[in-house]
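> Below you will find the structure I want to go over with you.
No value in this document is a laboratory result; all are computed from the given coordinates. This one's a predicted model, so the numbers in the text were calculated from it and none came from an experiment. All Cβ positions, glycine included, derive from the backbone under ideal geometry; neighbour counts span all protein chains shown.
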Amino acid sequence: MAAFVYDTLPGRVVFGAGAARTQLAAEAEALGAKRILVVAADSETELADELCGPLAGRVTETFSAVRPHVPVEAADKARAAAAGADLILSVGGGSTTGTAKAVALTTGLPILAVPTTYAGSEVTPVWGLTDAGRKTTGTDPRVLPRTVVYDPDLTATLPEELAVASGLNAMAHCVEAFWAPRRNPVSSAVAEDGIRHLAAGLPGSGADPASREELMLGAYLAGSAFAVAGSGLHHKICHVLGGAFDLPHAQTHAIVLPHVLAFNAAPAADAAARTAAALGAPDPAIGLFELAARLGVPAGLRELGLLESDVDTVLDEILELAPADNPRPVTAAGVRTLLHAAWAGIEPGKESR
């Protein structure tokens with residue numbers, strides 16, 4: 001076995017149906033919260049108000065101007081709203097968690113996260129900001145939430161389309177963890193188990209309690225694996241596309257993932273085999289592609305509004321960010337072929353046959 005380093009990230013996880021309504025106040029109290037900034041998108045403020053009922057008198061302000069990919073302008077406004085606060089309570093999906101992280105990055109305030117999607121950002125020390133169409137990401141222990149309250153009941157009203165895309169986004173965290181720069185046997189084991197739970201929950205799309213629990217547990221495992229292993233080619237591609245063209249985060253990941261997996265499958269045979277076993281599919285890339293199609297995910301990036309000509313405009317930025325140890329050498333020709341296949345929505349790997 002190869003030598004490896006595994007960094008165990010600090011953090012408390014509270015998991016269970018109804019946990020956000022029964023345990024949130026105690027978790028905030030444990031963090032010594034007296035003045036709380038709530039971060040919740042417009043669509044989540046009613047839920048946030050309900051959950052904060054037991055915290056009456058401690059909430060100083062609710063910041064709701066949450067935007068995808070966290071534009072620097074939104075981050076600056078959120079930081080201003082945090083003046084005098086001693087805790088950030090994040091209630092929502094990845095963009096909401098990302099906004100809370102932008103505040104923590106400059107203020108050092110602790111985050112108590114209550115996820116309402118399967119984004120996984122709540123268990124990673126990764127932050128992202130978008131400025132003038134370019135998304136920058138980084139890692140900093142200050143943005144890692146201190147406590148996460150996972151309540152599968154909170155995803156009961158998640159639209160099926162978003163639940164599916166969010167679950168497949170979590171799947172991307174697992175698959176990527178097999179070849180990301182800081183991969184190790186522990187993170188790979190967590191990722192493989194995460195794929196199994198996500199594959200069990202996705203057919204139900206979170207419409208029933210059992211599938212919601214599978215998806216939320218899978219998302220937690222996915223985020224945990226990604227947090228340790230780091231970001232690979234898939235995430236670099238999706239971050240560039242999202243920042244440049246404001247594409248929806250989860251759907252972009254869901255569409256691109258099978259094509260990156262097909263791109264890396266041959267030189268990353270062990271990762272492909274473990275992904276296939278966890279999915280229960282002989283070809284993992286085609287299995288993911290067909291699963292997404294059955295669940296109604298758009299087949300190609302063109303359905304998200306991306307123009308075919310847009311592909312060539314981001315090649316240089318992707319090549320600049322691509323990890324040097326990606327299983328397959330990353331070339332302009334290879335990425336162009338991959339992106340055009342993802343744009344057109346053709347079966348992964350077919351473009352190279």
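> Taking a cut-off of 19 Å, what percent of all Cα-Cα pairs in segment 107-244 are separated by more than that?
Counting pairs separated by more than 19 Å, the tail of P(r) holds 50 percent.
> What residues qualify as long-range amide H neighbours of Tyr150, i.e. H under 5 Å apart, gap of 5 or more or another chain, H built at 1.01 Å from N?
The list, which skips near neighbours in sequence, is Val14, Phe15, Gly16.
> On to the next question. Could you give the angle, 0 to 90 degrees to the nearest 10, between helix 94-107's Cα long axis and the longest principal axis of the Cα atoms of the chain?
In the chain, helix 94-107 runs at an angle near 60 degrees to the longest axis.
> On to the next question. Does anyone have the angle between helix 185-201 and the longest principal axis of the chain? Alpha-carbon axes, 0 to 90°, nearest 10?
Between the helix axis and the principal axis of the chain, the angle is about 90 degrees.
> How much length would be gained if the chain were fully extended between Ala273 and Ser43, taking 0.36 nm per residue of separation minus their Cα-Cα distance, in nm to one decimal?
Stretched fully, the Ala273-Ser43 segment lengthens by 78.8 nm.
> Could you state the angle between the C-alpha long axis of helix 269-279 and the longest principal axis of the C-alpha atoms of the chain, as a value from 0 to 90 degrees rounded to the nearest 10?
Tilt of helix 269-279: around 60 degrees.
> Then there is this: What percent antiparallel are the DSSP beta bridges of the chain, to the nearest 5?
Here the antiparallel bridges make up roughly 25 percent for the chain.
> Determine the distance separating the Cα centre of segment 71-120 from the Cα centre of segment 1-70; give it in Å without decimals.
Result: 9 Å between the Cα centres.
> Per-residue ellipticity at 222 nm for the chain, helices alone: DSSP H runs ≥ 4 residues times -39500 (n - 2.57), over residue total, nearest 500 deg cm²/dmol?
Rounded to the nearest 500, it is -15000 deg cm²/dmol.
> Okay, moving on. Using the crude model of +1 on Lys and Arg Cβ and -1 on Asp and Glu Cβ, and no other charge, please compute the dipole size for the chain relative to its Cα centre, in debye to 20.
The dipole magnitude comes to about 660 debye.
> Post the alpha-carbon centroid distance, segment 148-199 to segment 299-330, in whole angstrom.
22 Å
> Nothing charged except the Cβ atoms of Lys and Arg (+1) and of Asp and Glu (-1): what's the magnitude of the dipole of segment 1-143 about its Cα centre? Round to the nearest 20 debye. Can you show the working numbers first?
Working: 12 positive and 15 negative charges, 53 e Å.
My answer is approximately 260 debye.
> Let me ask something additional. Please compute the contact order of the chain in relative form: average sequence separation of alpha-carbon pairs under 8 Å and at least six residues apart, divided by the residue count, as a percent.
Computed value for the chain: 15 percent relative contact order.
> Taking 2.2 N^0.38 Å as the expected size of a compact globular protein, what ratio does the Cα radius of gyration of segment 12-155 give against it, to two decimals?
0.93
> Something else: What FRET efficiency comes out for Ala293 versus Ala83 if R0 is 45 angstrom and r is the Cβ-Cβ distance? Round to the nearest 0.05.
Efficiency, rounded to the nearest 0.05: 0.40.
> Now for a different question. So what are the ³J(HN,Hα) numbers for segment 244-257, from phi and the Karplus equation (6.51, -1.76, 1.60; θ = phi - 60°), rounded to whole Hz, Gly and Pro as x?
Karplus values, whole Hz, x for Gly and Pro: 6, 10, 6, 6, x, 4, 5, 5, 4, 4, 4, 6, 6, 3.
> Still on this structure, I have one more. Could you tally the net charge around Pro159, taking each other residue with its Cβ under 14 Å from the Cβ of Pro159, Lys/Arg +1 and Asp/Glu -1?
In short, -2.
> Right, another one. Contour minus end-to-end for Thr313 and Leu9, with contour as 0.36 nm per residue of separation and end-to-end as the Cα-Cα distance?
Details: separation 304, 0.36 × 304 = 109.44 nm, distance 3.70 nm.
Result for the pair: 105.7 nm of gain on full extension.
> Bins of 20 Å, beginning at zero and ending with the bin holding the largest distance: percent of Cα pairs per bin for the chain, please.
Per 20 Å bin, starting at 0, the Cα pair percentages come out as 33, 58, 9, 0.
> Taking amide hydrogens as modeled 1.01 Å from N in the peptide plane, which residues meet the under 5 Å criterion relative to Val59, leaving out close sequence neighbours?
Under 5 Å from the amide H of Val59: Ile36.
> Give the residue from His239, Gly280, Leu338 lying farthest towards the positive end of the charge dipole for segment 160-352; charges sit on Cβ (+1 for Lys and Arg, -1 for Asp and Glu) and the dipole is referred to the Cα centre.
Gly280
> Which one, Ala83, Ala74, Ala199, has the greatest fluctuation when you compute a Gaussian network model over the chain with C-alpha springs under 10 angstrom?
Result: Ala83 has the largest fluctuation of those listed.
> Through the Karplus equation 6.51 cos²θ - 1.76 cosθ + 1.60, θ set to phi - 60°, convert the phi angles of segment 165-175 into ³J(HN,Hα) values in whole Hz; use x for Gly and Pro.
4, 5, x, 6, 4, 4, 4, 4, 4, 5, 4
> Turning to a different aspect of this structure: Using a 10 Å cut-off on Cβ atoms, rank the peptides 286-294, 315-323, 223-231 from the highest mean neighbour count down.
Taking the mean over residues of other Cβ atoms within 10 Å, the ranking is 223-231, 286-294, 315-323.
> I would also like to ask the following. Sequence gap at least 6, Cα distance under 8 Å: using those rules, report the relative contact order of segment 12-155 to the nearest whole percent.
Reported as a whole number, the value is 28 percent.
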